[in-house]
Amino acid sequence: MNWLPIKASEVCWQATWPNIYQRCFSLKDGSSLFSDSMQLSKSDAETEFIGAEILRNCLKIFGSSAVITLEGPLGAGKTTLVRGMLRSLGYEGPVKSPTFTLLESYALANRSLNVFHFDLYRILDELELEFIGLEEILDSDGIKLFEWPERASNFLMLPRIRIVLDIPKGPFSEQQMLGQERTISACFLEETQN
């Protein structure tokens with residue numbers, strides 16, 4: 001598979017919110033989430049490959065309790081990235097965006113691992129998240145993947161992995177955006193130690 005890494009700036013820490021920092025090059029044990037902090041994907045297959053690479057590294061560092069947020073505009077490839085993550089775990093069934101169901105759960109028997117894939121695009125009020133049992137799921141073992149995480153900002157804990165997908169700007173229809181070139185960056189978010 002041919003994919004092109006993009007060199008990121010040399011700044012390793014950026015202040016994002018008060019008392020929260022993102023570390024773009026390495027995680028607590030010094031290992032990299034990517035060989036570089038940003039990747040260029042030119043196809044859905046490459047996006048799935050990058051998703052598998054991200055999850056492989058997250059499992060090494062966080063075990064089966066990783067919280068991963070996926071940010072980007074409609075059609076940027078968030079669910080495609082999740083599909084790559086699930087395929088890397090041996091899941092062979094369909095992977096669809098849970099836009100209307102809010103949550104798709106995957107129990108991977110061969111790994112005794114649960115994956116919870118949330119799509120919060122249609123959430124209007126965070127109180128709705130209590131009705132789907134979000135707090136219980138966050139407290140349980142399993143990988144939690146969140147599309148549109150800003151809609152659950154009061155529920156999501158640190159540390160977590162933040163993935164941002166971006167696509168070229170232009171007057172593209174949603175169908176034209178599928179398979180378009182996209183950049184994918186990953187950061188580790190943690191609270192500062194004051």
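With every protein chain kept in the model, how would you rank Glu181, Glu92, Glu104 by accessible area, 1.4 Å probe, largest at the top?
Glu92, Glu181, Glu104
Roughly to the nearest percent, how much of the accessible area of region 45-160 is carbon and sulfur, given a 1.4 Å probe?
For region 45-160, the apolar C and S fraction of the accessible surface comes to 52 percent.
I need the fraction of alpha carbon pairs in region 28-158 separated by more than 23 Å, rounded to a whole percent.
30
Calculate one ³J(HN,Hα) per residue across region 54-59 by plugging θ = phi - 60° into the Karplus curve 6.51 cos²θ - 1.76 cosθ + 1.60, and present them in order as whole Hz with x for glycine and proline.
Once rounded to whole Hz, the list reads 4, 5, 4, 5, 4, 5.
Local charge sum around Leu138 (other residues, Cβ-Cβ under 12 Å, Lys/Arg +1, Asp/Glu -1)?
-3
May I ask for the net charge around Met85, where only other residues with Cβ less than 10 Å from the Cβ of Met85 are counted and Lys, Arg are +1 while Asp, Glu are -1?
+1
The values are calculated or read from the model by the stated rules, or taken from the named source; none is laboratory data. None of the values given here were measured: they were computed from a predicted structure. Backbone-built Cβ (ideal geometry, glycine too); neighbour counts: all protein chains shown. We work out accessible area using only protein heavy atoms, side chains counted, and drop any ligands, DNA or RNA first. Shrake-Rupley method; radii C 1.70, N 1.55, O 1.52, S 1.80 Å.
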